[in-house]
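Trainee: First, the structure itself, so that you have it in front of you.
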Amino acid sequence: MKLWLSGILLCVISGLSIQAQTVDTISVYSPSMNKQFRNVLILPEGYGKDTTQKYPTVYLLHGFGERYDGWLKRIKPNLPQLASRYNMIIVCPEGGRSWYWDSPVNPEIRFETYVSRELPNYIDSHYVTYASRETRAITGFSMGGHGALWLTFRHPDIFGAGGSMSGGVDIRPFPEKWDMKVQLGEYSQNPERWDAYTVINQIPESNASDLPALIIDCGSEDFFYEVNQALHEKLLARHIPHDFIIRPGAHNRPYWKNAIDYQLLFFHLFFTRE
């Protein structure tokens, strides 16, 4: 009898543990690329219990050489607990080595369309979200930092807030790095294209309507430090409000593990503002 009761108790405790927050890998079809892509989905504790409750959504983009599960497996294993703390849905998409562009030279690469349209449409139609720019944010590290701000500036109707951690926010000083020329063509032959496809040239005018909430973070020893500083100065010159964080640190996982705490708090305050 004691053994039977112990077994029942163990099952109950396990069930409560599983219900705390849901972590799943979902496959989402991209019509523009005619392909399925995997994404990590994190639902906060209590999701679905109150049928009237809706949730804001944060999209976390990975860097070059990483993949959709990198955030959870190698950088921030306690993302589910943070999702529950801030009562938000977190989605970590696959981005390949795309820099989150719709490549002008390769019609098979359409990750801008996928992350800014197709994936949010899927999430909003399958989960209980607010489905508005005011409750949708995006951020990422390195290539993902570039991608997050690229999508924020280009799709302000989708993302009301955007962030970057150690982001490659100006690609032009690095023409031979990280497969960018595979997506854009050689810099020497296509300088205008490289100008058009870099984040720092996407900054809206200060009088633009519906300016996004912005948080930008980069370590002082990061090789992207100078381009982030330049982005900050351009935002200041255009009187665009933003949080800009510089802390000791390099371009590595320990830095991003720390930085994401500040980014999620920033988004939580954005979602819950008056």
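The values are calculated or read from the model by the stated rules, or taken from the named source; none is laboratory data. Since the structure is predicted, the reported quantities are computational estimates derived from the model, not experimental observations. With ideal geometry, Cβ positions are generated from the backbone for all residues, glycine too; neighbour counts draw on all protein chains shown. Protein only, heavy atoms only, side chains kept; ligands, DNA and RNA dropped before computing areas. Shrake-Rupley method; radii C 1.70, N 1.55, O 1.52, S 1.80 Å.
Trainee: Within the bounds of the range 234-241, is there any residue that is in contact with a Gly (Cβ under 8 Å, 6 or more places away or on another chain), assigned to a loop (DSSP other than H, G, I, E, B) and charged (D, E, K, R)? Steps first, answer last, please.
Mentor: Of all residues in the range 234-241, those in contact with a Gly (Cβ under 8 Å, 6 or more places away or on another chain) come to none.
No: the range 234-241 contains no residue that is in contact with a Gly (Cβ under 8 Å, 6 or more places away or on another chain), assigned to a loop (DSSP other than H, G, I, E, B) and charged (D, E, K, R).
Trainee: Pairs needed: first member in the range 104-120, closer than 12 Å to Tyr59 by Cα; second member anywhere, part of a helix (DSSP H, G or I); C-beta distance under 8 Å; at least 6 residues apart or different chains.
Mentor: Val115/Gly147; Val115/Leu151; Ser116/Leu151; Ser116/Arg154
Trainee: Could I ask something else about it? So for the range 116-127 (the condition being in a loop (DSSP other than H, G, I, E, B), modelled with pLDDT of 95 or more and open to solvent by 40 Å² or more (accessible area, probe 1.4 Å)), does at least one residue qualify?
Mentor: Yes, the range 116-127 contains at least one residue that is in a loop (DSSP other than H, G, I, E, B), modelled with pLDDT of 95 or more and open to solvent by 40 Å² or more (accessible area, probe 1.4 Å).
Trainee: Right, something else. Only residues in the range 165-187 that are open to solvent by 40 Å² or more (accessible area, probe 1.4 Å) count as the first member; pair them with residues that are basic (Lys, Arg), Cβ under 8 angstrom, at least 6 apart or cross-chain, and list the lot.
Mentor: Trp178/Arg97; Asp179/Arg97; Val182/Arg97; Tyr187/Arg172; Tyr187/Lys181
Trainee: Then there is this: So how many residues does the range 155-180 have that are closer than 17 Å to Val58 by Cα, outside any loop (DSSP other than H, G, I, E, B) and not polar (S, T, N, Q)?
Mentor: So the answer is 4.
Trainee: Here is a list of conditions, (1) within 14 Å of the chain's Cα centre (by Cα); (2) farther than 30 Å from Tyr55 by Cα, and Asp217 meets all of them except one; can you say which number that is?
Mentor: Here Asp217 clears every test but (2).
Trainee: Among the residues of the range 28-68, write down those that are closer than 24 Å to His146 by Cα and small (Gly, Ala, Ser).
Mentor: Ser30, Ser32, Gly63, Gly65
Trainee: What about His62, is it surrounded by fewer than 18 Cβ atoms within 10 Å (Cβ to Cβ) and at negative phi?
Mentor: No; evaluated as a whole, the condition is false for this residue.
Trainee: For Tyr100, all conditions in the list (1) buried (at least 16 other Cβ atoms within 10 Å of the Cβ); (2) without any contact (Cβ under 8 Å) to a residue 40 or more places away in the chain; (3) of a type in the set (Ser, Thr, Tyr) hold save one; what is the number of the exception?
Mentor: Among (1) buried (at least 16 other Cβ atoms within 10 Å of the Cβ); (2) without any contact (Cβ under 8 Å) to a residue 40 or more places away in the chain; (3) of a type in the set (Ser, Thr, Tyr), Tyr100 violates only (2).
Trainee: Inside the range 81-95, can you point out the residues that are open to solvent by 10 Å² or more (accessible area, probe 1.4 Å) and either more than 14 Å from the chain's Cα centre (by Cα) or basic (Lys, Arg) (or both)?
Mentor: If we filter the range 81-95 for residues that are open to solvent by 10 Å² or more (accessible area, probe 1.4 Å), which is where we start, we get 81, 84-87, 94.
Once the filter is applied, which keeps residues that are open to solvent by 10 Å² or more (accessible area, probe 1.4 Å) and either more than 14 Å from the chain's Cα centre (by Cα) or basic (Lys, Arg) (or both), the range 81-95 yields Gln81, Ser84, Arg85, Tyr86, Asn87.
Trainee: Quick one: what pairs do we get from the range 128-139, first residue farther than 13 Å from Phe270 by Cα and open to solvent by 20 Å² or more (accessible area, probe 1.4 Å), second of a type in the set (Asp, Glu) and outside any loop (DSSP other than H, G, I, E, B), C-beta under 9 Å, 6+ apart or different chains?
Mentor: Tyr130/Asp124; Ala131/Asp124
Trainee: Could you please find all residues in the range 200-244 being surrounded by 18 or more Cβ atoms within 10 Å (Cβ to Cβ), hydrophobic (A, V, I, L, M, F, W, C) and touching a strand residue (DSSP E or B) at 6+ places or on another chain (Cβ under 8 Å)?
Mentor: Listed by number, the residues that qualify are Ala213, Leu214, Ile215, Ile216, Cys218, Phe224, Leu231, Leu235.
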